[in-house]
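Just so it is clear, none of the values below were taken in a lab; they were calculated from the coordinates. Fair warning: this is a prediction, and the values are worked out from it, not measured in the lab. With ideal geometry, Cβ positions are generated from the backbone for all residues, glycine too; neighbour counts draw on all protein chains shown.
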Amino acid sequence: MSGHKDTRILGVDELCVLFEAVDRHLVKRASIVVIGGAAAAFHQAESTTNDVDTLDALTDELRAAVDQATFAGLSVPISASTVAQVPDNYDQRLERVLPHLKNLEVWVLERHDLALSKIVRGVEHDMQQLEEIHRHHRLDFEVLVERFRTEMASVVGDPSRIRLNFLELIERLFGELKRVVAQKRLS
């Protein structure tokens, strides 16, 4: 393999093909929690990704199935994110996608939890993906504010920057007046 990085862009259709191939190569049940851009794709963000980030490291069995799918021509980097930060109770709200798969359970962050995980970095591409998700399945202002207030305390990073990123997202999705309301509720 050359030193050239695969820059293929993945939407939900390509992700489905990938996970179906991984499922075919699994010999026993495995589970994966997808975060980041791949999770956003499952929530109908049109902006795409070029890799699959997971919340946890892949098991040996899952890694072997991914390697076999890669050998079959589906070269997509799948790896645990080293910097992912999610709301405290995210695991109670995970959503299963692709339930037809025989051996692989694919879970994605619920869309509000995904939004909160993306505001930690606050990069423009993430904000655009959240606006796209919001256009298809409106995010709930109350849910976002309450989860930010009660479930983001364990997030590592500059709290004032993360708070500003959150308020910027609120303004982009709901307008300036809702940003002021959220700001007051977070005080």
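For the pair Arg135 and Glu176, a Förster radius of 25 Å applied to the C-beta separation gives a FRET efficiency near 0.85, rounded to the nearest 0.05. Close Lys pairs in the chain (alpha-carbon distance under 29 Å; sequence gap of 8 or more, or different chains): 4. With R₀ fixed at 25 Å, the C-beta to C-beta distance from Ala80 to Ala153 puts the FRET efficiency at about 0.60.
Can you tell me the orientation of helix 176-186 relative to the chain, as the angle in degrees between its alpha-carbon axis and the longest Cα principal axis, to the nearest 10? Roughly 90 degrees between the two axes. If the segment from His125 to Asp51 were pulled out straight at 0.36 nm per residue, it would be longer than the present Cα-Cα gap by 25.2 nm. Loop-located trypsin sites (Lys or Arg not before Pro) in region 85-131 (DSSP state other than H, G, I, E, B) with a sparse environment of at most 11 neighbouring Cβ atoms within 10 Å: Lys102. In region 12-186, the DSSP beta bridges split such that about 40 percent are antiparallel, to the nearest 5. Relative intensity of the chain on a log10 scale, I(q)/I(0) at q = 0.09, 0.11, 0.13, 0.18 Å⁻¹, equals -0.34, -0.50, -0.68, -1.16, per a Debye sum over C-alpha point scatterers of equal strength in the absence of solvent.
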